[in-house]
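Enquirer: Mind looking over this structure? Questions follow.
Please treat every number below as a calculation from the coordinates, not as lab data. All of these numbers come straight from a predicted model, not from anything done at the bench. Glycine also receives a Cβ, built like all others from the backbone with ideal geometry; neighbour counts cover every protein chain displayed.
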Amino acid sequence: MAIFGNEHRLVIVGAGFCGATIAYKVASELDLPVLVLDRRGHVGGNSYSKFDDETGIEYHQYGSHLFHTSNEAVWKFITQFSPFNNYRHRVFSRHRGKTYTIPINLMTINQFFGTDFDPAGARAFIAQQAAAENIEAPRNFEEKAVSQIGRPLYEAFIKGYTAKQWATDPAALPAEIISRLPVRFGFNDFYFGDLYEGLPTAGYSAIFDKMLGHPKIKVVTGCDYFDVRGTIDPQVLSVYTGPLDRYFDYKFGELGWRTLDFEIERLDVEDFQGAAVVNYADIDVPFTRIHEFKHLHPERRHGNKTLIMREYSRFARRADEPYYPIGRQDDKRRYSQYKKLAEAETNVIFAGRLGTYRYLDMHQAIGAALNLYEKKVAPLLTGRGIRSDEPESDDLQRQSSPSLVPAKNAGVDEVTELRPRARSDR
Ligand code: FAD
Ligand code: UDP
């Protein structure tokens, strides 16, 4: 029984940035009807935001989502749906009753060690600390971090935070995760180093309403794909952006995911913490960070109240929302088993953060979706087929290594590499 009708030429599971980008491209460029399903009661995936009735503040239901990219095509694509403000993200870290700037920079180093180094002095000092443990070929997150910043800074700002955030001993985590976070020997304390950065002035949901509001797109929320799968014509092409292990009914066991719990509080103070995000580095504080969303939109007039959100992290069980792929050794082994099945599946393309078990930022999810549209979805839908001389290395199914964690300011191309790019500011 075709409960959604037979007219659609593409079914997309998941209305996050990956699914919405592909849906919009197919509808607007190929003029073909698309069906988008999402099991949540809203579109937008993890990038969903809404305006709070009581305070009027827009908050991101799944944690602060900062948009940043150096990819012209992605920036051009996203800004057609909304203007962006000029917010640039700064993060602070609380450690033993004091507040420091993060990523670690010259100010953090001098404040923490009580020194007054210039950039060259700080670099030499940290190099000395890093060399103290003689780690030549770091094998995991902890070794990599210590070999870059030395043990004292690692123990203060990284160890406890990471253990809380990943619910995993840092020595069992892939080294690549720390590559997301730069270390700087100047006073630059911006969190990202991309060419473009900002927040959509009308909110993320306005972007999704525009992308998915195209007349050729039909969206059904509150609908789990696995409840309706049997009613969908298997001849119709699907793009699946849900969890890879769930698709195959956990045949090889569960991939390791980290889930989050969010606790919202409305306060009768104008400014709770003076910044959008403050991290809590110490292991004895149960939450990892506090978001205060009004700071993301300096262009808006906000009242005397504020809304904050504490973020707690834990290992995901099956019933939990999977947010972050952990990527330990056994996850990598399982992932390659699932990947083989995914490649053998006909008429289904696996995509997005969950479908490819990859730590993708929004710009990377959009960039990869644009690539996938060009290289695979459009050729298949228009009967052109995928030309054998066309490189497939940019599509999401080929992004095989779950250990790949793109650097914070990596562009789309970096996502397709099998190892992270060395950062210029390291
Ligand atoms: P998602 O947004 O996760 O969308 C997948 C969708 O699939 C979901 O809506 C889900 O409900 C749906 N789905 C799953 N299974 C089914 C099913 N069986 N049936 C129907 N629907 C299904 N990126 C940044 O660039 N900057 C940030 O600051 C940033 N911060 C983040 C903070 C947190 C806490 C998290 C978790 C992520 C953050 N990200 C950030 C990453 C960003 O959320 C992702 O890049 C983006 O969501 C990826 O889009 P996606 O479409 O691949 O996946
Ligand atoms: N990290 C840390 N301390 C911090 C911020 C980050 O130890 O104050 C580590 C942590 O392991 C985290 C990684 O650096 O997972 C990448 O940080 P990022 O802010 O990119 O994490 P995300 O925004 O994806 O949650």
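Enquirer: With the contact rule set at Cα under 8 Å and sequence spacing of 6 or more, what percent relative contact order holds for the chain?
Expert: After rounding, I find 23 percent.
Enquirer: At 7 Å along Cα-to-Cβ for each site, give me the label-to-label distance between Lys76 and Ile3 in nm.
Expert: 4.1
Enquirer: Under the classification rounded if a/c is under 1.5, otherwise prolate if a/b is larger than b/c and oblate if not, where does the range 1-123 fall, given a ≥ b ≥ c as square roots of the Cα gyration tensor eigenvalues?
Expert: It comes out prolate by the Cα gyration axes.
Enquirer: Using a/c under 1.5 as the rounded threshold, could you call the chain rounded, prolate or oblate? The axes a ≥ b ≥ c are square roots of the C-alpha gyration tensor eigenvalues, and prolate needs a/b larger than b/c, oblate otherwise. Don't jump to the answer; show the numbers that get you there.
Expert: Details: a/c = 1.86, a/b = 1.44, b/c = 1.29.
It is prolate, given that a/c is not under 1.5 and a/b is the larger ratio.
Enquirer: Another question, then. Which Cα, out of Thr288, Asn304, Ala316, lies furthest along the positive dipole direction of the range 265-353 (beta carbon charges, K/R +1, D/E -1)?
Expert: Result: Ala316, furthest along the dipole toward the positive end.
Enquirer: Could you tell me, in Å, what Rg and Dmax come out for the Cα atoms of the range 147-202?
Expert: Calculated on Cα positions, Rg and Dmax stand at 14.3, 43 Å.
Enquirer: Still on this structure: Quick one, could you list the DSSP H helices from the chain stretching 20 Å or more along their long axis (Cα atoms) with average Kyte-Doolittle hydropathy of 0.5 or above?
Expert: Once both thresholds are applied, nothing remains.
Enquirer: For Glu58, list long-range residues whose amide hydrogen, built 1.01 Å from N in the peptide plane, is under 5 Å from its own amide hydrogen.
Expert: Close amide H contacts, sequence-distant or interchain: Asp52.
Enquirer: Please list, in order along the range 300-311, the HN-Hα scalar couplings obtained from phi with the Karplus expression 6.51 cos²θ - 1.76 cosθ + 1.60 (θ = phi - 60°), rounded to whole Hz, x for Gly and Pro.
Expert: 9, 8, 10, x, 7, 9, 9, 10, 10, 9, 8, 10
Enquirer: Starting from the Cα of Lys218, draw a straight line to each of the lysines and keep only those under 19 Å, dropping any in the same chain fewer than 8 residues away.
Expert: Straight-line reach from Lys218, under 19 Å: Lys25, Lys210.
Enquirer: Could I ask something else about it? Order by neighbour count: Val91, Val36, fewest other Cβ atoms within 10 Å first, most last.
Expert: So the residues, fewest neighbours to most, are Val91, Val36.
Enquirer: Here's a follow-up. For the range 39-181, what relative contact order do you get, as a whole percent, if you take Cα pairs closer than 8 Å and at least 6 residues apart?
Expert: RCO, the range 39-181: 13 percent.
Enquirer: What is the set of long-range amide H partners of Val91 at a cut-off below 5 Å, with H atoms built 1.01 Å from backbone N?
Expert: Amide H neighbours of Val91, under 5 Å, 5+ apart: Ile102, Tyr191.
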